[in-house]
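Here the structure is laid out as C-alpha cells; the discussion comes afterwards.
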C-alpha cells in the first residue's frame, strides 16, 4: 500500500465509496484534462463527464474537478452566491465531507480548496489556493454561433470579432455594455473565455490572481483553467471601457464599500438594505469591529 | 499624308443560325478598307449589304471569322479581331468611339451622367466631364431641366441627340457613326453635321452609315459602296 | 498596360458523385473588371462561384489570387486560416438571399461593423460613423442603423449585405444572383447602386446571374455555362449581340424585351 493510499485510509470516508466519490482512473482522466487546461489557459478541454449524485445544472462539473484535486489534507470551503449557508453550498460541502473526511471552513483565508457557484470571494486569494468554478455554458460564442464545429474553428483561428459585435449591439441598444455577469474575457492574450456566471464586479479578480482557477462544466463536458498570475482582460471598446457595478450605499451590516452587495427587501413600503453577498467577508469585517448603518455590534456565534 | 487609323483587311463574317438548323448567312466577304485621320468614310449600299456588320466589326462588337482590323491605338496598329477583352475595352475607352443607332438606357441614370460617362471612364475629373457634357447637351438643344432625368421616356429624336452628345463628349481619335441623324429634324440635323465636321477637321477618322442624302453629302469625304456579300475595296 | 491579373482560375473541376458540376473551367480576372457568369439552372455557375470562394471543395484545379501584398496564393491549397482571413478582408460574398449573408438578429450597424471588428477595430464611435457612411452609400436611411434586418424590405436587406461586404474595401466581390427575387424597380435600384459602387471602388466582381439584362448592365465580360462547361466567353456585348455558340444563341433569343 503506497503512502498516498495510506493517507486516504486514515480519513473517514463513507463505507463503500472511494475517496472523493470518483474512482481513481476517473480522477486521473480529470487530472489529465486539468493539466492540459492549465497548459493552455482559457482553452476548453473536453472530458468524460461522469454521473454525479445530483442532476446536471447543479454543479456536477465543479464537483468533478474538486473530486479530482481534493486530498486528505485539504481544507474545503463551498459557497453559493457568496454564501456558505445556502442549501446548495451545504449539500455539496456535506457530500465531500462524507466522501473524503476532509476538514471544512467558512473562512476564505483558511481554505486550501474553494468550490464556488457564481461568485469570487472578496478576500483576496493567495498562492497555494485553488478556486473551482461551477460553469453552466463554457462556450462564450455559443449564443452567436450554435455550431460546435464552427466555434472550435473560431477559437483555433482567433476569430473573435463576432463577440465584439454583441458588445456593440449592447451599446447600441442600451447605451452601455449590458452584460452584467459571465463577462467575456481574453485569457493570456489568446483564448476567449467565459468566467461562469460571476457578476461583472468579480471579473477583475481573475486577473493576475495568485490562486489556481479551475472551471468545470459537467453537462457540457468541458474543463478550462486560468493558471496563477495570468493575464485576463475583459472585452470592451476603447471609448466604452469595462466598468464594474456600483451601489448607492455601503453594506448595511459591515459598512464595506468595496464588496459586491445583495439588495434585501425589508418591507412592502420599498424599504431595502444592501448587504455583502460574501458572508465570510462580511463576518470578518464585523468581527474586526466595522459596522454598517443597520448592524448591532458583532457577537461571537457558536461554531456549526 | 495623314496617319492611317483603321485598316480592314480581307474581312469575312458569316452568321451561323444554330436555332434555324445551322444555316449560314455570309454578310461580309473579303472586305477591305483604309481610313486615315481627318477622313469621313461613309458606307453606302442597300440593306443587307453588311454596313452595320462592318461598323460593328470595327468596334469589336461582332467577331469576324476571317481577316484583320488594325486600329491605330497609342500609335501602333492593333488587330481588334481576336484581341483579348481587356485590349478591346482599352481601345474603346481611349481611341474608338461608337454612336449607335439607339440609345441604351440604364435605369435611374440621368441624361447628364450618361453623356459624361465616356470621359469619366477615362479618369477625367467629374467636374470637367459634367461641364463638357453640359456644353454638348446645350448645343444639341436638350433643355437643362431634362439633364437630371433618365432618358427612358424621351422621344426618339431626343434620345438620338443624347446618344450623339455621349459619342462626342470624349475626343476619340476614331468615331463610328450609325445613322447619326436618323430621327432628327432639320435644325438638329444641321447641328450634328457641324459636330461631325468639326471633329473631322480636328483629325478624327470617321466611318459612318447615313441614309439621308443631304447629310451624307455634307459630311462625307469618301464614299464606300457596299453590296450584299462581297464588296469592292 | 502590363498589369497582372487579380485572380487566375486554372482547370477547375468539381463533381458531385457522377454529376459534373464544373468541367475544366479556366479564366482570369483583372482589377476593376466585372465578369458575369450566365447560364440556366444546373449549369454549374453557382457551384463555380462557391468553389472559387472556397466554400466547396474541388476535385482539381487552382484558384490563384494575388493578395494586396502582391503574393500569389492558391486558395484551393491554402490553409483554412488564410482563406477565412481573406474572405473577411480582401474578398466579399453577396448571397442571393440576404438572410444567408447577414446576421438577422443583429442591428444594421452591427452587421456593417462586424468585419471591421473582426480585424481589430475597437472604437465604438468610429465603427458607428463608418456604418452610417455606408448606409448612406447604399441608400438606407441612417435612422435605421439600430434596426434589425428583419424589419427591412428585401431590397434593403440586399443593400445592407453589400455594405457589410464593402466596408473592408475588398478587391474582389463574388455575387450570387444578387437581384434574384426582387421586384423590378427594386432590382433597378440595386443594379444602379452596384454599378456605381463597383466603379467608385474599383472592385473586381464575379456575378452569377441567369438574367441577361443584369449581365448586360453590370458585366464587362461574360462566360456562358451549360452543364458544367464554359461554352462561350468574351465581352458582354460580343456575346449578347453576336452569339456564336448554339446555346448562347438560344439564351439570347429567349429573353423577352419590353
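The values are calculated or read from the model by the stated rules, or taken from the named source; none is laboratory data. Note that this is a predicted model, so its numbers are computed, not measured. Please note: Cβ atoms are built from the backbone with ideal geometry, for glycine as well, and neighbour counts cover all protein chains shown.
Numbers for the structure displayed
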item: Test: residue in segment A:255-266 that is free of Cβ contacts under 8 Å to residues at least 12 places away in the same chain and on the phi > 0 side of the Ramachandran plot; result: no
item: From A:175, A:101, residue being within 14 Å of chain C (Cβ to nearest Cβ) and farther than 20 Å from residue C:115 by Cβ; result: A:175
item: Selection from segment C:53-83 of residues that are within 16 Å of the chain's Cα centre (by Cα) and either surrounded by fewer than 18 Cβ atoms within 10 Å (Cβ to Cβ) or closer than 15 Å to residue C:229 by Cα (or both); result: C:55, C:56
item: So residue C:147, is it without any contact (Cβ under 8 Å) to a residue 40 or more places away in the chain and either more than 14 Å from chain A (Cβ to nearest Cβ) or surrounded by 14 or more Cβ atoms within 10 Å (Cβ to Cβ) (or both); result: no
item: Filter result (more than 15 Å from the chain's Cα centre (by Cα), assigned to a loop (DSSP other than H, G, I, E, B) and on the phi < 0 side of the Ramachandran plot) within segment C:15-40; result: C:18, C:40
item: Residue match in segment A:185-205 (condition: assigned to a loop (DSSP other than H, G, I, E, B), outside the structural domain of residue A:258 (by TED's automatic domain parsing), on the phi < 0 side of the Ramachandran plot and surrounded by 22 or more Cβ atoms within 10 Å (Cβ to Cβ)); result: yes
item: Some residue of segment C:92-101 being facing chain A (nearest Cβ under 9 Å) and within 25 Å of residue A:163 (Cβ to Cβ); result: no
item: Boolean, residue B:67 is buried (at least 16 other Cβ atoms within 10 Å of the Cβ), more than 10 Å from every other protein chain (Cβ to nearest Cβ), over 30 Å from residue B:155 (Cβ atoms) and touching a residue at least 24 places away in the same chain (Cβ under 8 Å); result: yes
item: Strands (runs of 3 or more DSSP E) contained in segment C:174-258 and holding at least 2 residues touching a helix residue (DSSP H, G or I) at 6+ places or on another chain (Cβ under 9 Å), facing another protein chain (nearest Cβ under 10 Å) and within 22 Å of residue C:5 (Cβ to Cβ); result: C:221-226, C:229-235
item: Residues of segment C:197-216 that turn out to be more than 29 Å from residue C:16 (Cβ to Cβ) and more than 15 Å from the chain's Cα centre (by Cα), as a count; result: 3
item: Test: residue C:58 is more than 14 Å from every other protein chain (Cβ to nearest Cβ), touching a helix residue (DSSP H, G or I) at 6+ places or on another chain (Cβ under 7 Å) and assigned to a strand (DSSP E or B); result: no
item: Residue among A:220, A:169 that is crowded, with 17+ Cβ neighbours inside 10 Å, at the interface with another protein chain (Cβ under 10 Å from one of its Cβ atoms) and either touching a helix residue (DSSP H, G or I) at 6+ places or on another chain (Cβ under 6 Å) or part of a loop (DSSP other than H, G, I, E, B) (or both); result: A:169
item: Test: residue in segment C:61-78 that is in contact with a helix residue (DSSP H, G or I) (Cβ under 9 Å, 6 or more places away or on another chain) and at the interface with chain A (Cβ under 9 Å from one of its Cβ atoms); result: no
item: All positions within segment A:37-47 that are part of a loop (DSSP other than H, G, I, E, B) and more than 16 Å from residue A:62 (Cβ to Cβ); result: A:40, A:41, A:42, A:43
